[in-house]
Amino acid sequence: MVPRAQISLSAPGNKHLALTQFGLKAITVTCLALSVIFWWLGTTFHKKIDALENQTSMIGNQTREMVAEANAHGMNLSDRAIIQIPPHISFIKQVRDRVGFSWTQLLTDLESAVPKNLMMSTVSLDEKTNTVLLNGSTSSLKELTRLMHQLEKHPAFRDVILTQHAKKKKKNTGKQSFVVFSMKVSYEPTVPLLKKAKSSRP
């Protein structure tokens, strides 16, 4: 019996070529898939950008209409006017905080602290610092010092500061003189406003 011999007629390296072809196909498929994904993402982003542009345009139109309507009613919505809004809001808040302030209580506290022979010409309140500004006159520096001590001892006043004073002579008199002064003092009502509000409720 004649023995059989099997001889491979394929070129050497055929297996490596097949693997290379498979790898190239896989790379091609992956690139196609990535291209599809990038195309989809690009389309989605463009749609979102178009939607945002439409919304921006709509908001711009509405803003212009609102400004035109406000101008027709005499309202100023310019950039300069809008910048001035925060200070006005701050002022309104301060006014709101001072709604319960009682000038009657302040004058009562002053009356109990100021000597009878001393004359007050003006009394004003600095809302920002809760400071009372006093201008007046007295017969002597001794009486002025007494006033400062009286204010310091009063529970409603503190931090008394004499800002200025001057000695003057009365008209048509050669010897009689008086002292004019200005001072500021921190003020806290002797009767807290919250307690007054509660006591006024039925």
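The values are calculated or read from the model by the stated rules, or taken from the named source; none is laboratory data. Predicted model only: the values in this text are computed from it and were never measured. Heads up, the Cβs are rebuilt from the backbone with ideal geometry, glycines too, and the neighbour counts pull from every protein chain shown.
Take the residues of region 111-131 that are β-branched (Val, Ile, Thr) and within 23 Å of Lys167 (Cα to Cα): which is surrounded by the most Cβ atoms within 10 Å (Cβ to Cβ)?
Applying the first criterion (β-branched (Val, Ile, Thr)) to region 111-131 yields 114, 122-123, 129, 131.
Adding the requirement that they be within 23 Å of Lys167 (Cα to Cα) leaves 114, 122-123.
On the way: Val114: 20, Thr122: 9, Val123: 15.
Here the answer is Val114.
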Flagged in region 24-77 as among the polar types (S, T, N, Q) and under 42 Å from the mean Cα position of the chain (by Cα), in numbering order, are Thr44, Asn54, Gln55, Thr56, Ser57, Asn61, Gln62, Thr63, Asn71, Asn76
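The rows are residues; the columns are (1) of a type in the set (Ser, Thr, Tyr); (2) in contact with a helix residue (DSSP H, G or I) (Cβ under 9 Å, 6 or more places away or on another chain); (3) on the phi < 0 side of the Ramachandran plot.
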{"position": "Cys31", "(1), (2), (3)": "no, no, yes"}
{"position": "Ser35", "(1), (2), (3)": "yes, no, yes"}
{"position": "Lys47", "(1), (2), (3)": "no, no, yes"}
{"position": "Gly60", "(1), (2), (3)": "no, no, yes"}
{"position": "Ala72", "(1), (2), (3)": "no, no, yes"}
{"position": "Met75", "(1), (2), (3)": "no, yes, yes"}
In the list Gln150, Gln164, which residue meets the criterion of being under 19 Å from Pro189 (Cα atoms) and modelled with pLDDT of 75 or more? Gln150
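Residues of region 167-185 being among the aliphatic types (A, V, I, L, M) and modelled with pLDDT of 90 or more, which ones? Before the answer, list the steps.
Pass one, region 167-185, residues among the aliphatic types (A, V, I, L, M): 179-180, 183, 185.
Val180, Met183, Val185, listed by residue number.
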Matching residues, region 116-147, being closer than 14 Å to Glu188 by Cα and among the basic types (Lys, Arg): Lys128
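Give the residue, chosen from Gln94, Gln84, that is touching an Asp or Glu at 6+ places or on another chain (Cβ under 8 Å) and at pLDDT below 75.
Numbers: Gln84 fails: touching an Asp or Glu at 6+ places or on another chain (Cβ under 8 Å).
On inspection, the qualifying residue turns out to be Gln94.
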